[in-house]
Amino acid sequence: MTGHLGSAFDRQYGRPHVLAWSAPGRVNLIGEHTDYNDGYVLPFALSHRTTVAVAPALGPQWMVWSEASGETVTFDADDLMPGRVTGWAAYVAGVAWVLRSSGVDIVPADLAITSDVPLGAGLSSSAALECATLGALLDLAGADVTDPSARAAWPALAQRAENDFVGVPCGIMDQSAATLCREGHALFLDCRSLATDHIPFALEPAGLAMLVIDTRAPHRLVTGEYATRRATCEAAARTLGVPALRDVTDLDAALSALSDPVARSRVRHVVTENERVLRTVDLLRAGRVREIGPELTRSHASLRDDYEVTVPELDVAVDAALAAGALGARMTGGGFGGCVIALVEADATAAVTDAVAEAFAVNGFVAPDAFVALPAGGAAPLPPTEAPPPRT
Ligand code: GLA
């Protein structure tokens, strides 16, 4: 991939890149719509990655080329303001804007982006792009990119780019996964304190596999519905007199204090989902990985019935996977389309995949895609040995 990337950069810009970083897509094992409620999440990184190769620009303009779009977008220092760069390039410009506003001495650069993170599938291709760009631009600026405490601040920087520059009110989970995940582990993140713990998540020794099923359902209403869910949760927390729904300790008391049935459902999801994350972490720590299946399935039911962020394709995929023997299955990510994860016996991946495909055919849905996920590592520079020779 590096050779390909190097030649892509060379071809686009007629000179070699100076350095390159990559960052992964993610699936969330459990802990959905909890991050912006100061709760707990447990994502892991995929082996699918977005790579950003970079070199200082030759003039005053930034140039950003992406293989996926085939486009080159240009902007200059004056455009590093919210609203001035739109579309996919806003994720890159947003990161440059955040870095500049936090005092990093960045200079205009040329960037080439390649990626094998499926786009629009809810696997956080945008966080992968933000975090690979962040690593590349900080590295190019001469920042210490190896210091773990500096690295711990990256997710909030990337999230700010997405919230304030791109205009998507996401939480901090995806950028944390893209930055901090470790191979073979899931990332247990407390979204209030930002404390992290890397939970061993090896499925192969247990004879298990994690299937990711991309329903290919078109994302509809995602940003609007997401913002509405978030606002409902924040309003409920205000009514309950707590800083965030994470602080609800007595669910029954909270439910009887809320008059709006929609708010009650949303609160019930958030509170029970946080409990499911904690139970899942306990089970994984105890090496009882097989037993997390029911937690995943309960999470899906809660997202379907209480949080109301599923669509028929997600529900059919989960039901078909469970009927074909999956130990647990749930939608992953924001919802309204995207992917389902299914915990399956390693020798049952084909049977479960086929069962979901068949159920989709029966329902007249577009055929799904599926792959087996192995927990991978977060943002990293491409090894220097793979980088092109320095310019003379
Ligand atoms: C999207 C957002 C995340 C998180 C999930 C739901 O992926 O980007 O911050 O809120 O939805 O858990």
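The values are calculated or read from the model by the stated rules, or taken from the named source; none is laboratory data. Here the structure is a predicted model, which means the values were calculated and not measured. All Cβ positions, glycine included, derive from the backbone under ideal geometry; neighbour counts span all protein chains shown. These area figures cover heavy atoms from the full protein model, side chains too; ligands, DNA and RNA do not enter into them. Shrake-Rupley method; radii C 1.70, N 1.55, O 1.52, S 1.80 Å.
For the residues A109, A127, A136, A132, the requirement of being in contact with an Asp or Glu (Cβ under 6 Å, 6 or more places away or on another chain) and not hydroxyl-bearing (S, T, Y) singles out A127. Here I106 fulfils each of the conditions (1) among the aliphatic types (A, V, I, L, M); (2) open to solvent by 10 Å² or more (accessible area, probe 1.4 Å); (3) modelled with pLDDT of 95 or more apart from (3).
In the set L138, L111, L119, L99, only one residue is without any contact (Cβ under 8 Å) to a residue 60 or more places away in the chain and surrounded by fewer than 16 Cβ atoms within 10 Å (Cβ to Cβ); that residue is L119. T133 passes every criterion in (1) within 13 Å of the ligand (Cβ to nearest atom); (2) within 17 Å of V64 (Cβ to Cβ); (3) open to solvent by less than 10 Å² (accessible area, probe 1.4 Å) apart from (1). Looking at the structure I just gave you, is R229 open to solvent by 50 Å² or more (accessible area, probe 1.4 Å) and at pLDDT 95 or above? The answer is no for R229. Taking residues in the range 13-34 that are among the hydroxyl-bearing types (S, T, Y), and partners anywhere that are more than 16 Å from the ligand (Cβ to nearest atom), the pairs with Cβ atoms closer than 6 Å and at least 6 places apart or on different chains are Y13/D110; S22/R49; S22/T51; S22/A132.
Here's a check for you: in the range 173-196, which residue that is outside any helix (DSSP H, G or I) and in contact with a Leu (Cβ under 7 Å, 6 or more places away or on another chain) is most open to solvent (accessible area, probe 1.4 Å)? The qualifying residue most open to solvent (accessible area, probe 1.4 Å) is T196. Restricting to the range 32-49, and then to whatever is more than 12 Å from the chain's Cα centre (by Cα) and more than 7 Å from the ligand (Cβ to nearest atom), can you tell me which residue is most open to solvent (accessible area, probe 1.4 Å)? If we take residues in the range 32-49 being more than 12 Å from the chain's Cα centre (by Cα) and more than 7 Å from the ligand (Cβ to nearest atom), then S47 is most open to solvent (accessible area, probe 1.4 Å). Selection over the range 197-250 of residues that are closer than 26 Å to A342 by Cα, touching an Asp or Glu at 6+ places or on another chain (Cβ under 7 Å) and either basic (K, R) or outside any loop (DSSP other than H, G, I, E, B) (or both) gives a count of 3. Only one of the numbered conditions (1) in contact with a Ser or Thr (Cβ under 8 Å, 6 or more places away or on another chain); (2) under 17 Å from A90 (Cβ atoms); (3) within 16 Å of the ligand (Cβ to nearest atom); (4) open to solvent by less than 40 Å² (accessible area, probe 1.4 Å) is violated by W154, and that is (2).
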